[in-house]
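Rule-based calculations on the coordinates, nothing more; no lab input. The model shown is predicted, which means the values in this text are computed figures rather than measured ones. Because the Cβ atoms are built from the backbone with ideal geometry, glycine has one as well, and the counts that use them run over all protein chains shown.
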Amino acid sequence: MLGAIVGDIVGSIHEFDNHRSKDFPFFGEGADFTDDSVLTLAVADALLHGKPPRDAIHGWAVRHPGRGYGGGFARWLETPHLEPYNSFGNGAAMRVSPAALLANTLDEALDSARRVTVVTHDHPEGIKGALATAHAIFLARFGAGPREIRRVVEQRYGYDLDRTVDSIRPAYRFNETCQETVPQAIVCALEARDFEDAIRNAISIGGDSDTVAAIAGPIAEARYGIPDEIAHEALARLTDEMRALIHTLYARTEYGHPVRGLRGQNSYR
C-alpha cells in the first residue's frame with residue numbers, strides 16, 4: 001500500500017505538468033499526498049476495522065478536503081444517500097491496493113477489491129480496473145514474474161499489455177478512465193528493474209501522473225519492496241493518523257512493517 005502513496009506523492013506535481021522523461025527529482029518541490037493516498041488509506045481503514053467501505057471513504061475524504069478529488073466523486077460526497085454513481089474512473093484502481101495486501105487468498109483479494117469499489121465505481125469497467133490491479137498486486141506479492149502477471153491479466157481482464165513504456169509514451173494523453181490508465185500503469189510496473197524505476201516509468205508516460213504511479217507503485221512494491229530512504233520521505237509527508245494506520249496494516253501482513261526494501265532488516269521505526 002505504501003507503494004501507492006509514494007507514487008501519488010511523487011506524481012502529484014506532474015499531474016497537470018507532465019514530465020515525459022525518467023530524469024527528474026524523485027520528490028520534487030511541492031510534492032504532497034493527494035486524493036489517491038487519502039482514499040487508499042480509507043480502504044485500508046475499512047478492511048482493517050470492519051467499517052462499511054462507503055462510510056470510511058466518505059469520512060476520510062471529508063477529513064481531508066481539497067486534495068484533488070475528481071468531479072464525480074466530489075459530487076458524491078455531497079449527496080445524502082451516497083449511492084454509487086456508475087463510474088469507470090481510475091479512482092477505482094488507485095485506492096484498491098490494501099485489498100491485495102491483506103488477503104490470504106486470491107479469492108479474498110478479489111472479493112475485497114470488489115466490495116470496496118462498488119460503493120462508488122459500480123460500472124463494469126471500474127470494477128474490472130480495480131480487480132485487475134488487485135490481481136496483479138496479489139500475484140506479485142506471492143512471487144509471480146512479469147510474464148506470468150502479464151499473461152493472467154491479459155487473459156482474465158482483456159487488457160492489452162503487449163506494449164513497452166517507450167511505445168506508450170509518445171501518444172499517451174491525460175485520461176481518467178480505468179480503461180486508459182490501468183493497462184499503462186501495469187506495464188510501467190512490470191517493465192521496471194526496481195521500485196523507483198517503476199515510479200519513474202509511470203511519471204514518464206504523462207497523463208494522470210499521480211494516479212498512474214499510484215497504480216504502478218503497489219505492484220512494484222510487491223515485486224521489489226521499497227527502499228527505506230524512499231519510504232521515509234513519503235511517510236514524512238503524511239499525518240500522524242495516516243502513519244499509524246500504515247503501521248497497523250503492515251503489522252497484519254507477513255512483512256510486519258511498511259518497508260521491505262532491506263529484505264527483512266526492520267530499520268524503519
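Which of the GluC sites (Glu not before Pro) found in segment 1-102 are in a DSSP loop and have at most 15 neighbouring Cβ atoms, other than their own, within 10 Å?
Numbers: sites: 15, 29, 78; in loops: 15, 29, 78.
Those satisfying the criteria are 29, 78.
Tally Lys and Arg at +1 and Asp and Glu at -1 over the other residues with C-beta under 13 Å from the C-beta of residue 133: what net charge comes out? Surrounding charge for residue 133 is +2.
Nothing charged except the Cβ atoms of Lys and Arg (+1) and of Asp and Glu (-1): what's the magnitude of the dipole of the chain about its Cα centre? Round to the nearest 20 debye. Provide the component values of the computation, followed by the final result.
Details: 28 positive and 37 negative charges, 106 e Å.
Dipole of the chain, to the nearest 20 debye: 520 debye.
When only alpha carbons of segment 88-227 are considered, Rg and Dmax amount to 13.2, 39 Å. Sorting 50-57, 163-170, 206-213 by their mean Cβ neighbour count within 10 Å, with the most densely packed peptide first, gives 206-213, 50-57, 163-170.
In whole Å, how far is the Cα centre of segment 65-94 from that of segment 1-49? Taking the Cα centre of segment 1-49 as reference, the centre of segment 65-94 is 18 Å away. Debye sum, Cα scatterers, the chain, no solvent: what log₁₀ I/I(0) at q = 0.12, 0.13 1/Å? These q points yield log10 I(q)/I(0) values of -0.61, -0.73.
Within the chain, what's the longest run with no chymotrypsin sites (Phe, Trp or Tyr not before Pro) in a DSSP loop and at most 14 other beta-carbon atoms within 10 Å? Give the range, please.
On the way: sites that count: 16, 142, 174.
Value returned for the longest uninterrupted segment is 17-141.
Charge tally around residue 223: other residues with Cβ under 9 Å, Lys/Arg +1 each, Asp/Glu -1 each, net -1.
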